[in-house]
Amino acid sequence: MQTIERTPPSTTFALWQRLAARPLGNRLFSLASWLRVPYFRTVLPTVVTMRPGLAEVRAPLWWGVHNHLRTFHAIAMCNLAEYAMGMLAEATVPATHRWIPRHMSVDYLAKAKTGLRAVAEVQPVPEFGPDAVDLPVPVLIYDSAGRVVVQAVITIKVSPKV
């Protein structure tokens, strides 16, 4: 990755910056994100934190994400991990570039019997130049007791917009 001056943020991150400090702004932002990418609505995610290099999202345990054991379904947890990664990418990748997931590895470590908190973090925050790069984004998903129930790495390809 080449060092260049930081360019304007993505429109998604700019919207977050406008709404996050307002009362219920994070919920309004999250609802808007569900309209843009309806598939994520299934896990009812709410963005808690979003900044370059870090995103934290929460999702409740509700019947729509239950498996046959009435715990969080494995694929619903993957959706939550991908949502967290996407929020990190939108906050980290400048408007001059685009990103797309290329690979995902997931380790299911424990049953998820509560609502979940997913944290995606990349440190140091990379700078993106004229060449496409693969960026691995680690995501940890915690239950309400703070136990890691899933660890994932989602690799995204970041390239300049043409």
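The values are calculated or read from the model by the stated rules, or taken from the named source; none is laboratory data. It should be emphasised that the depicted structure is a prediction, and the values quoted were computed from it without experimental measurement. So basically every Cβ, Gly included, is an ideal-geometry build from the backbone, and we count neighbours across all protein chains shown.
When you look at Val149, is it more than 15 Å from Thr46 (Cα to Cα), touching a residue at least 40 places away in the same chain (Cβ under 8 Å), surrounded by 16 or more Cβ atoms within 10 Å (Cβ to Cβ) and over 12 Å from the mean Cα position of the chain (by Cα), yes or no?
When the stated conditions are applied, Val149 passes them.
Table: residues versus (1) buried (at least 19 other Cβ atoms within 10 Å of the Cβ); (2) of a type in the set (A, V, I, L, M, F, W, C).
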site	(1), (2)
Glu56	yes, no
Asn67	no, no
Cys78	yes, yes
Asp107	no, no
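Report, by residue number, each residue of the range 80-105 that is surrounded by fewer than 17 Cβ atoms within 10 Å (Cβ to Cβ) and of a type in the set (A, V, I, L, M, F, W, C).
Hits for the range 80-105 are Ala95, Ile100, Met104.
Considering only residues that are more than 8 Å from the chain's Cα centre (by Cα) and over 12 Å from Phe40 (Cα atoms), which ones fall in the range 77-94?
Once the filter is applied, which keeps residues that are more than 8 Å from the chain's Cα centre (by Cα) and over 12 Å from Phe40 (Cα atoms), the range 77-94 yields Glu90, Ala91, Thr92, Val93, Pro94.
If you check Val57, Val106, Val48, which single one turns out to be touching a residue at least 12 places away in the same chain (Cβ under 8 Å) and in contact with a Cys (Cβ under 9 Å, 6 or more places away or on another chain)?
Val106
For Ala112, which of the numbered conditions (1) among the hydrophobic types (A, V, I, L, M, F, W, C); (2) under 20 Å from Val148 (Cβ atoms); (3) surrounded by 22 or more Cβ atoms within 10 Å (Cβ to Cβ); (4) within 15 Å of the chain's Cα centre (by Cα) fails to hold?
In the conditions (1) among the hydrophobic types (A, V, I, L, M, F, W, C); (2) under 20 Å from Val148 (Cβ atoms); (3) surrounded by 22 or more Cβ atoms within 10 Å (Cβ to Cβ); (4) within 15 Å of the chain's Cα centre (by Cα), Ala112 misses (4) alone.
Please verify whether Asp143 is surrounded by fewer than 17 Cβ atoms within 10 Å (Cβ to Cβ), among the acidic types (Asp, Glu), at pLDDT 95 or above and over 15 Å from the mean Cα position of the chain (by Cα), treating the condition exactly as stated.
When the stated conditions are applied, Asp143 does not pass them.
Being touching a Leu at 6+ places or on another chain (Cβ under 8 Å) and touching a residue at least 12 places away in the same chain (Cβ under 8 Å) is the filter here; which residues of the range 26-45 pass it?
Asn26, Phe29, Ala32, Val43, Pro45
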